[in-house]
1. Just give me the residues in the range A:147-167 being over 20 Å from B:Leu91 (Cβ atoms), surrounded by 15 or more Cβ atoms within 10 Å (Cβ to Cβ) and among the small types (Gly, Ala, Ser), in sequence order.
2. Yes or no: A:Val180 closer than 26 Å to B:Arg188 by Cβ, open to solvent by 40 Å² or more (accessible area, probe 1.4 Å) and more than 11 Å from every other protein chain (Cβ to nearest Cβ)?
3. Residues of the range A:123-153 being in contact with a helix residue (DSSP H, G or I) (Cβ under 9 Å, 6 or more places away or on another chain), more than 12 Å from chain B (Cβ to nearest Cβ) and among the acidic types (Asp, Glu), which ones?
4. Looking only at the range B:60-83, how many residues end up being in a loop (DSSP other than H, G, I, E, B) and more than 11 Å from chain A (Cβ to nearest Cβ)?
5. Taking into account only those residues within the range A:183-204 that are within 7 Å of another protein chain (Cβ to nearest Cβ) and among the basic types (Lys, Arg), which is surrounded by the fewest Cβ atoms within 10 Å (Cβ to Cβ)?
6. Evaluate the following for B:Ile159: is it at pLDDT 95 or above, of a type in the set (Val, Ile, Thr) and touching a Ser or Thr at 6+ places or on another chain (Cβ under 6 Å)?
7. How many residues does the range B:89-125 contain that are open to solvent by 50 Å² or more (accessible area, probe 1.4 Å), without any contact (Cβ under 8 Å) to a residue 24 or more places away in the chain and part of a helix (DSSP H, G or I)?
8. Look at B:Arg46 and say whether it is out of contact with any Asp or Glu (no Cβ under 8 Å at 6 or more places or on another chain), surrounded by 15 or more Cβ atoms within 10 Å (Cβ to Cβ) and away from chain A (no Cβ under 11 Å).
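The values are calculated or read from the model by the stated rules, or taken from the named source; none is laboratory data. Remember, it's a predicted structure, so these values are computed and weren't measured experimentally. Note that we place each Cβ from the backbone using ideal geometry, even for glycine, and neighbour counts take in every protein chain shown. The accessibility values were calculated without ligands, DNA or RNA, using every heavy atom of the protein model including side chains. Shrake-Rupley method; radii C 1.70, N 1.55, O 1.52, S 1.80 Å.
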2 protein chains.
Amino acid sequence: MEIPSVVIDRLPLYARVLDNLEQEGQTVVSSQELGIRLNVTPAQIRKDLSYFGRFGKQGRGYNVSRLLEELRRILGLDHQWRMALVGVGRLGRAILGYEGFMPQGFKLVAAFDSDEATIGQELGEIRIDDVANLETVLEEQPVDIGIVAVTAEEAQSVIDALVGCGIRSILNYAPIAAHVPRDVQLRRIDPVLALQSMTYYLKHRQKSPSLTG
Amino acid sequence: MEIPSVVIDRLPLYARVLDNLEQEGQTVVSSQELGIRLNVTPAQIRKDLSYFGRFGKQGRGYNVSRLLEELRRILGLDHQWRMALVGVGRLGRAILGYEGFMPQGFKLVAAFDSDEATIGQELGEIRIDDVANLETVLEEQPVDIGIVAVTAEEAQSVIDALVGCGIRSILNYAPIAAHVPRDVQLRRIDPVLALQSMTYYLKHRQKSPSLTG
């Protein structure tokens, strides 16, 4: 049975909430409580989880640790994933220094740039390679995920190159809607979309006549 | 009538797809076609848009330009929003250089740091202020949105300070689930969540026995 991608997209949020509940010492949770924490209806939660078998007991709620463990297994969060970064400018360096990846099983093992002065630099355990050698380096040292932190102009060709190296999961920080083959997963870090989801509240809170519209 | 936040969250995506359609020269779009582009059911799209009045004609689809204009007005995307950045390290500098904000009406007008060597530097039109002067500077030069690019340890106190200055929309890049009052909108740039929504496909595609689980 094919599981809808919207369901898959919600599962990491479920896992995160369950992780918080477990840390708070809670052992059982109802679909109602999960729903409130996630802003999703309890019926939706029961339906989403039903794709993966029977987790809850009627009227008894879900066992937090067991459900979390199952979700981690389903999502592959119990695995360590290897990542390569392309683009080691300001943003790329910030990504190399990001403290949130390792605790969640995501490890940067390679980094690439096209700038002569940057190639050969060592940042932590990583030596920056020439992006022209992308294929050779990734053949010797395969990765699961590519992270793209180049400019908007360069992003599509870098993504094409990563796909050409057999990478099937790409996280794109560049401000473009890139194209990938159907069997490649692409996610975009999109601060503008996040900002645009807040301006509604700004606009409808402020009643200043100086606002447009 | 209060509009559910999940509906508000989807509207910027609708606006983006409509913008693409308009640029491609398409004048009318059905809820079916919007649904395919957005991975949402046509019924959901009709329901979401019904909160804001009658946009489509039965069986005739939506007028692309008119719907886009309406969504822009509803979301406040026809307005220019002023933003302040706190944290001008590698990530902060990348954010200051991000080319995606201005075309969408988001303008960085102030930046703050606590590092002596960083305070006073000028980056483009912006002079970096001491974060100790946050309140004074933002009183003289009010902003709508705060962007947080400090470390995980500093993030909550910076967010508290921004809220204390009356800011009601915050974009947090630090890897923490921060707390804000109910009337403050908080969005988090969360690359780990994006990565975790892809590992399912990596895991279920690769059948290598070396994988855990």
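1. A:Ala161
2. Yes: the conditions hold for A:Val180.
3. Within the range A:123-153, A:Asp129, A:Asp130, A:Glu135 qualify.
4. Residues meeting the conditions: 1.
5. The residue in question is A:Arg187.
6. It is false that B:Ile159 is at pLDDT 95 or above, of a type in the set (Val, Ile, Thr) and touching a Ser or Thr at 6+ places or on another chain (Cβ under 6 Å).
7. 3
8. It is true that B:Arg46 is out of contact with any Asp or Glu (no Cβ under 8 Å at 6 or more places or on another chain), surrounded by 15 or more Cβ atoms within 10 Å (Cβ to Cβ) and away from chain A (no Cβ under 11 Å).
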